[in-house]
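Inspection log for the structure reproduced underneath, given as structure tokens.
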Amino acid sequence: MRLFKVVEDSMRPALTPGDGLVGLRGGTPRVGQLRLFRDPRRSTRWLVKRVGDVYGTGSSAIFEARSDNPRAPGAVDSHEFGWVSAADTYRVVRTIRAPRRAP
């Protein structure tokens, strides 16, 4: 189990900056599930994306990673870096909402 924090807008409205995520390693990715994985282009950065299509099962599966808000500044997903291996990914098992400010 590992804790993560959302820092950008690519998954709005489902996730917003400041939200916390509890990730559990392993399992077969499922369509619509939120997954956390290292950015294939910058290994020090973690991404959270929604699972699109999936091929295979378990850690040998690969999946399409999609942004809910692909027009957000800096948003990247499988359209830019290709499909993602399920090995060493985390599935989001809990979201901890950051306090929202009144408008």
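None of the figures in this text is laboratory data; all of them are computed from the coordinates on show. Because the structure is a prediction, the values reported are computed rather than measured. Backbone-built Cβ (ideal geometry, glycine too); neighbour counts: all protein chains shown.
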Just one of (1) closer than 29 Å to P99 by Cβ; (2) of a type in the set (A, V, I, L, M); (3) part of a strand (DSSP E or B) trips up A14, so point out which.
-> (3)
Hits in the stretch 1-11 (condition: in contact (Cβ under 8 Å) with a residue 40 or more places away in the chain and closer than 15 Å to P99 by Cα) | V6
Within the stretch 17-50, how many residues are under 13 Å from R97 (Cα atoms) and either of a type in the set (V, I, T) or out of contact with any Pro (no Cβ under 9 Å at 6 or more places or on another chain) (or both)?
-> 5
Matching residues, the stretch 17-43, being assigned to a strand (DSSP E or B) and within 15 Å of V76 (Cβ to Cβ) | R35, L36, F37, R38, D39, R42, S43
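Residue-by-condition table, conditions (1) touching a helix residue (DSSP H, G or I) at 6+ places or on another chain (Cβ under 7 Å); (2) among the hydroxyl-bearing types (S, T, Y); (3) buried (at least 17 other Cβ atoms within 10 Å of the Cβ):
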position	(1), (2), (3)
R35	no, no, yes
L47	no, no, yes
Y55	no, yes, no
S67	no, yes, yes
G74	no, no, no
Kindly list the number of the only condition in (1) of a type outside the set (G, A, S); (2) outside any strand (DSSP E or B); (3) touching a strand residue (DSSP E or B) at 6+ places or on another chain (Cβ under 6 Å) that fails for W46.
-> (2)
Touching a Leu at 6+ places or on another chain (Cβ under 8 Å) and either touching a residue at least 60 places away in the same chain (Cβ under 8 Å) or of a type in the set (S, T, Y) (or both) - does that describe any residue in the stretch 61-76?
-> yes
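Taking the residues in the stretch 79-103 that are of a type in the set (V, I, T) and part of a strand (DSSP E or B) as candidates, determine which candidate is farthest from P29 (Cα to Cα).
First, pick out the residues of the stretch 79-103 that are of a type in the set (V, I, T): 84, 89, 92-93, 95-96.
Next, from what is left, pick out any that are part of a strand (DSSP E or B): 84, 92-93, 95-96.
Working: V84: 10, V92: 11, V93: 12, T95: 18, I96: 21 Å.
Applying the filter and picking the extreme gives I96.
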Just wondering, is there one or more residues in the stretch 93-102 that are buried (at least 17 other Cβ atoms within 10 Å of the Cβ), of a type outside the set (D, E) and in contact with a strand residue (DSSP E or B) (Cβ under 7 Å, 6 or more places away or on another chain)?
-> no
Odd one out for V76, checked against (1) touching a Lys or Arg at 6+ places or on another chain (Cβ under 9 Å); (2) farther than 21 Å from V6 by Cα; (3) not in a strand (DSSP E or B) = (2)
